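S.K.: Below are the structure tokens for one structure; questions will follow.
The values are calculated or read from the model by the stated rules, or taken from the named source; none is laboratory data. Owing to the predicted nature of the structure, the values given are computational and were not obtained by experimental measurement. Virtual Cβ from ideal backbone geometry, glycine too; neighbours counted across all protein chains shown.
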Amino acid sequence: MAVYCNSAPFSCKAWRNRDPTPLSALLPTRLFSLLQHPFSFHPDRLKLSTCRWDKVASAVVSEESAVGSSSSGTDVFNLTYLELTDLPQVDCLLITQSLDDHCHLKTLKPLSEMSPNLRVIATPNAKSLLDPLFRNVTYLEPGQEPEVEAANGSKVRIQATAGPGLGRPWQRPENGYLVISPQGQLTLYYEPHCVYNKDFLEKEHADIVITPVIKQLLPNFTLVSGQEDAVQLAKLLHAKFIVPMKNGDLDSKGFLASIVQGEGTIESFKELLSKELPDAKTLEPTPGEPLQIPPP
């Protein structure tokens, strides 16, 4: 199964000699990330395959293919491009947030033209953006948990979790997701800002956590959490593996880029993690090389 998440394009390397119930999914780091982390669920292992691109993948359509965006802020980023046609077959699209860097209309419009019946799971905050594009959209509130079936018959459960509150104070929070394999052998958690509801997540667990570990700060405002917050997230979910997102590793320009400051490093995160969760492993995939994770 290929699950294409809102942030970045991924391609899943084909498994040979598949058993009748293989399960593979694609989950991202972020639209502007250097790393791409597709993974495949199997009963006996998890495979995380990274893809190599010559430049940062900042969008998935060329300028010739792009249509109008809901944000005028895209000139902040020095965009390089990857075509939608480079994606493998996609069984489901996950969208965590309604903002343009997560629900990117220049990407979604041509994708919807290619696959109008694509299964989409999204935050209700994105309803006005997605309803005109896709025919099969499920909007999840935290705690809701549909089952997604791929074309090959494999299945996962996808549970929405509470993410960051962005925009107006009364606006509902955005989403994170738990992706759960058929018999619960492996569970993966993804949320792109390292912002979560502790009361909600303390009832859950995740073997693999994909999260930012380096903070991204604006003056008097934390744009993306990380470091000790990421450690506490991993501890809360009893994670065995943490795959760091590299939100700050991008080519950017403009005023906003000039005032965003990173705080911490992956090494400082590892040091913090070793004190709180000494058995957990931090995995830094190398682009182009598969990363296999055995089940716990």
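S.K.: Which condition from (1) buried (at least 20 other Cβ atoms within 10 Å of the Cβ); (2) in contact (Cβ under 8 Å) with a residue 40 or more places away in the chain is the one that A162 breaks?
M.R.: That leaves (2) as the condition not met.
S.K.: Mind listing whichever residues of the range 258-281 are in contact with a Leu (Cβ under 7 Å, 6 or more places away or on another chain) and either modelled with pLDDT of 95 or more or surrounded by fewer than 11 Cβ atoms within 10 Å (Cβ to Cβ) (or both)?
M.R.: Initial filter on the range 258-281 (in contact with a Leu (Cβ under 7 Å, 6 or more places away or on another chain)): 259-261, 263, 280.
Scanning the range 258-281 gives I259, A280.
S.K.: Let me ask you something else. In the range 96-140, which residue that is in a strand (DSSP E or B) and in contact (Cβ under 8 Å) with a residue 24 or more places away in the chain is farthest from A151 (Cα to Cα)?
M.R.: The first filter runs over the range 96-140 and keeps only residues in a strand (DSSP E or B), leaving 119-122, 136-139.
Remaining after also requiring in contact (Cβ under 8 Å) with a residue 24 or more places away in the chain: 119-122.
Numbers: R119: 11, V120: 15, I121: 16, A122: 20 Å.
Within the range 96-140, the match that is farthest from A151 (Cα to Cα) is A122.
The rows are residues; the columns are (1) out of contact with any Cys (no Cβ under 7 Å at 6 or more places or on another chain); (2) at pLDDT 90 or above; (3) of a type outside the set (A, V, I, L, M, F, W, C).
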| residue | (1), (2), (3) |
| --- | --- |
| P88 | no, no, yes |
| I95 | no, yes, no |
| N125 | yes, yes, yes |
| P146 | yes, yes, yes |
| A150 | yes, no, no |
| G153 | yes, no, yes |
| V156 | yes, yes, no |
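S.K.: Just to be sure before I move on: is T211 part of a strand (DSSP E or B) and at pLDDT 85 or above in the structure I sent?
M.R.: Numbers: part of a strand (DSSP E or B): yes; at pLDDT 85 or above: yes.
Yes, satisfied.
S.K.: When only residues in the range 168-216 that are under 23 Å from D279 (Cα atoms) and acidic (D, E) count, which is surrounded by the most Cβ atoms within 10 Å (Cβ to Cβ)?
M.R.: Ranking the candidates gives E191 first.
S.K.: Looking at the range 186-221 only, could you name the residues that are more than 24 Å from A122 (Cβ to Cβ) and aromatic (F, W, Y)?
M.R.: Hit for the range 186-221 is F221, nothing else.
S.K.: Got a number for residues in the range 166-178 being at pLDDT 95 or above and either in contact with a Pro (Cβ under 6 Å, 6 or more places away or on another chain) or within 19 Å of P294 (Cα to Cα) (or both)?
M.R.: Taking the range 166-178 and keeping what is at pLDDT 95 or above, we get 177-178.
Okay, now just the ones that are also either in contact with a Pro (Cβ under 6 Å, 6 or more places away or on another chain) or within 19 Å of P294 (Cα to Cα) (or both), so 178.
Residues meeting the conditions: 1.
S.K.: Does the range 113-139 hold any residues that are farther than 16 Å from H102 by Cβ and not acidic (D, E), and which are they? Show your work before the answer.
M.R.: To start, the set of residues in the range 113-139 that are farther than 16 Å from H102 by Cβ comprises 113-119, 131-132, 135-136, 138.
Scanning the range 113-139 gives M114, S115, P116, N117, L118, R119, P132, R135, N136, T138.
S.K.: S154 - would you say it is in contact with a Pro (Cβ under 7 Å, 6 or more places away or on another chain), in contact (Cβ under 8 Å) with a residue 60 or more places away in the chain and farther than 20 Å from V209 by Cβ? I'd like the intermediate steps shown before the answer.
M.R.: Working: in contact with a Pro (Cβ under 7 Å, 6 or more places away or on another chain): yes; in contact (Cβ under 8 Å) with a residue 60 or more places away in the chain: yes; farther than 20 Å from V209 by Cβ: yes.
Answer is yes for this residue.
S.K.: Does G153 meet the test of being exposed (fewer than 15 other Cβ atoms within 10 Å of the Cβ) and of a type outside the set (K, R)?
M.R.: Working: exposed (fewer than 15 other Cβ atoms within 10 Å of the Cβ): yes; of a type outside the set (K, R): yes.
Yes.
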